[in-house]
Amino acid sequence: MRKWLNRNAPGYVFLMPWLLGFFLLALGPILTSLYMSFTRYDMVSSPRWVGLANYDYMFTRDRRFWKALDVTMWYVVLSVPTRLIMALGVAMLLDKGLRTISIYRAIFYLPSLLGSSIAIAILWRQLFEGDGVINALLARIGIEGPNWIANPDTSLYTLVVLAMWQFGSPMLIFLAGLRSIPRDLYEAAEIDGASRYRQFFRITLPLLAPVIFFNLVLQTIEAFKTFSSAFIISNGTGAPADSLLFFTVYLFNEAFKFFRMGYASALAWVLLLIIAFFTAITFFTSKYWVHYENERD
């Protein structure tokens, strides 16, 4: 027992703030929302137990639920890989030993710091409106751009571009991972005549796999939780034609616009299970492509 405490006590000491916050502040609301998901509750009258009625309606009769799920899934599929590719590409450029690398790191990280703010979402809407900056630039070269926000065929892609612009956080993590790769591996590969292409796929990607896995899990979860940008750009409705009806926007409207708190709680738990499912798949498949240093030793 003493050996176990000596080995694990420091870790639990560092975890203590999170554990206290979880058990004292978060656990109660979590269990309450689970109970509410089986009730009909409008914040005026007392919750009325309805069993699985909320879930039955959600999966069998609620078309907007499936639309919100479809929009959110497309956003995750499009935004997560493009953001990670952008982040890795910029990290590799910054890994070349630039003298002013700290300035570039701050510049590239700034969009991630501001990206979730209301002001940035409003600015993004103004950029992609019919008479916005993007179309003004296209008009200078003789191209008449569409109203990107009001067009259901293009509205989602504006948020994907916004996600790509917010690559600062995974970029810093990738940069730290690149800095941990021994330089002598690249020198040996160059002596053997390996091209930059082969070095990237034979050295960089395999040794960076744990960092890619970490970023993939975090960015997937964040993509599923995207709310502010979709809510502001669509004016809180998911318009046009529900093309921006993200799952979180639909959940918010059900809870605070229509006051269907019981149904909103059910939606929240379904979202939790969806995130847990994709996270579990990522962890399960990681054993086939993520290899750690101690495993190679």
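None of the figures in this text is laboratory data; all of them are computed from the coordinates on show. The shown structure was predicted, so the numbers you read here are calculated from the model rather than taken from an experiment. When we count neighbours, we look across all protein chains shown, and the Cβ atoms used for this are built from the backbone with ideal geometry, even at glycine.
Report the FRET efficiency, 1/(1 + (r/R0)^6), for I274 and Q126, where r is their Cβ-Cβ distance and R0 is 51 Å, rounded to 0.05. Display every interim value, and only then the final one.
Values: r = 32 Å, r/R0 = 0.63.
Calculated transfer efficiency: 0.95.
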key: Alpha-carbon centroid distance for the pair the stretch 22-62 / the stretch 232-274, whole angstrom   = 15 Å
ask   = Between R48 and D192, what length comes free when the chain is fully extended (0.36 nm per residue of separation minus the Cα-Cα distance, one decimal in nm)?
value = 44.6 nm
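Test of understanding: ordering Y35, Y55, Y12 by Cβ neighbours within 10 Å, fewest first, what list do you get? If you can, show how the numbers build up before the last one.
Numbers: Y35 13, Y55 17, Y12 10.
So the residues, fewest neighbours to most, are Y12, Y35, Y55.
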task = Give the residues of the stretch 172-188 whose amide nitrogen is closer than 20 Å to a point set 7 Å from the Cα of L93 in the direction of its Cβ.
result = 172-179
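Apply 1/(1 + (r/R0)^6) to the Cβ-Cβ distance of Q199 and V13, taking R0 = 35 Å, and write down the FRET efficiency to the nearest 0.05.
On the way: r = 42 Å, r/R0 = 1.20.
It comes out at approximately 0.25.
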task = Starting from the amide H of T39, placed 1.01 Å from N in the peptide plane, find each other amide H under 5 Å away whose residue is 5 or more places distant or on another chain.
result = V50
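If the only charges are +1 at each Lys and Arg Cβ and -1 at each Asp and Glu Cβ, what is the size of the charge dipole of the stretch 216-297 around the Cα centre, to the nearest 20 debye? Before the final figure, lay out the partial values.
On the way: 5 positive and 6 negative charges, 58 e Å.
It works out to roughly 280 debye.
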ask   = Based on the Cβ-Cβ distance from L20 to D56, what FRET efficiency comes out when R0 is 22 Å, to the nearest 0.05?
value = 0.05
Karplus (6.51, -1.76, 1.60) ³J(HN,Hα), θ = phi - 60°, over the stretch 11-21, in Hz, Gly and Pro reported as x = x, 6, 5, 5, 7, 4, x, 5, 4, 5, x
task = Of all alpha-carbon pairs in the chain, indicate the percentage at a distance above 31 angstrom.
result = 46 percent
task = Compute the projected area of the convex hull of the Cα atoms of the stretch 181-255, averaged over all viewing directions, and report it in nm² to one decimal place.
result = 7.4 nm²
ask   = What does the charge dipole of the chain about its Cα centre add up to, to the nearest 20 debye, if the Cβ of each Lys and Arg holds +1 and the Cβ of each Asp and Glu holds -1?
value = 600 debye
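What full-extension length gain, to one decimal in nm, is calculated for I30 and D184 as 0.36 nm per residue of separation minus the Cα-Cα distance?
Working: separation 154, 0.36 × 154 = 55.44 nm, distance 5.01 nm.
Contour length minus the Cα-Cα distance gives 50.4 nm.
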The stretch 117-175: Cα Rg divided by the 2.2 N^0.38 Å rule of thumb = 1.30
